[in-house]
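One structure is given here, and the rest of the page talks about it.
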Ligand SMILES: Nc1ncnc2c1ncn2[C@@H]1O[C@H](COP(=O)(O)OP(=O)(O)OP(=O)(O)O)[C@@H](O)[C@H]1O
Ligand SMILES: [Mg+2]
């Protein structure tokens, strides 16, 4: 799925990374616990979260993620967006709640990130 | 590489906002050095978990990273409270983090086991009331 399609499906507002909208992603995960993101997932391209702090962006960078969606219209700070820009990560925000946002992406064929053994 | 490359960072324990900055920089440097993506990923995750631990459990400390031809060595040293029971702390899900830490997205008790998983060796030296030093090594060979 193209990142741009995620934006459409979630009726999301793009905050940075317009140049990457035609990049492909193959899996996603959703969590407010960065501990779990670090521990449980691999090769995940997209992170959906309702947590707002710079560690969300840094965690995504550590995990080589390419797109972060803030759900429930959570607004990241300018610093966070600047950080994401530096890392080449697309950031968007959606009015959908986490469950609904995941449902839309799942239905459209974006599967969960495989768990690491 | 003819000579070893080293990086030193002071990790601020006062300011959670900056937690993880050292790991971000190391990741950037390792990319510049041309290490394999898998090695970079393993080093990044292990160091980041350790760096966050120093901030949330030990009021900060220092991080020293050495890159040799064979391996990446990460030494995280703090003067925090120490770890009373290492084998307990190593268990998945064991955490002393309070709700204020969970609200920040950490404190699932997964960090130390994750650091062990992603590194080829991990040694913990700790003394109560004195501090903790964790040394992790990731081999560059098995890309
Ligand atoms: N540097 C440290 N100094 C003192 N205690 C520590 C340190 N690192 C870890 N601990 C102790 O070990 C426990 C387990 O650490 P671990 O990293 O596995 O989980 P956590 O940090 O609590 O949660 P998570 O890593 O999932 O966010 C911590 O809750 C804390 O009690
Ligand atoms: Mg931890």
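Every number here is computed from the coordinates shown, using simple stated rules; none is lab data. Predicted model only: the values in this text are computed from it and were never measured.
Assuming a viscosity of 1.567 mPa s and a temperature of 4 °C, what translational diffusion coefficient in µm² per second does Stokes-Einstein assign to chain A, Rh being the Kirkwood radius over Cα pairs?
Once the numbers are plugged in, D ends up at 95 µm²/s.
Taking the Cα atoms of the range B:35-140 alone, what are Rg (to one decimal) and Dmax (as a whole number) in Å?
That works out to 13.4, 42 Å for Rg and Dmax.
Mind checking which of B:63, B:97, B:77 has the largest fluctuation in a GNM of chain B, springs on alpha carbons under 10 Å?
Ranking B:63, B:97, B:77 by mean-square fluctuation puts B:97 first.
Could you give the length gained by full extension between residue B:116 and residue B:102, i.e. 0.36 nm per residue of separation minus their alpha carbon distance, to one decimal place?
Taking 0.36 nm per residue and subtracting the Cα distance, the gain is 2.9 nm.
Restricting the count to DSSP beta bridges whose residues both fall in the protein assembly as shown, what percent are antiparallel, rounded to a multiple of 5?
Expressed as a percentage, antiparallel bridges in the protein assembly as shown total about 75.
Considering chain A as a Gaussian network with a 10 Å cut-off on Cα pairs, which listed residue, A:80, A:65, A:92, attains the greatest mean-square fluctuation?
Greatest mean-square fluctuation among the candidates belongs to A:80.
Nearest 500 deg cm²/dmol is fine: what mean residue ellipticity at 222 nm does chain B get from its DSSP H runs of n ≥ 4 alone, each adding -39,500 (n - 2.57), divided by its residue count?
Only helices count here, giving -10500 deg cm²/dmol.
Given a 10 angstrom Cα cut-off, can you work out which residue in B:40, B:101, B:73 is the most mobile in a GNM of chain B?
B:101
Relative contact order for the range A:1-87: what is it in percent, counting Cα pairs under 8 Å that are at least 6 residues apart?
With pairs under 8 Å counted, the relative contact order is 25 percent.
Taking only Cα atoms of the range B:12-88, what ratio of Rg to Rh do you get with Rh as the Kirkwood inverse-distance radius?
That ratio is 1.00, to two decimals.
For q values of 0.10, 0.11 Å⁻¹, compute log₁₀ I(q)/I(0) with the Debye formula on a Cα-only model of the protein assembly as shown, without solvent.
Result of the Debye calculation: -0.49, -0.59.
Just the number, please: percent antiparallel of the DSSP beta bridges in the range A:3-107, rounded to the nearest 5.
20 percent
Name the shape class, rounded, prolate or oblate, that the alpha-carbon gyration tensor gives for the range B:81-127, where a ≥ b ≥ c are the square roots of its eigenvalues, rounded holds for a/c under 1.5, and otherwise prolate holds if a/b is larger than b/c and oblate otherwise.
Oblate is the answer for the range B:81-127, as a/c is 1.5 or above yet b/c matches or exceeds a/b.
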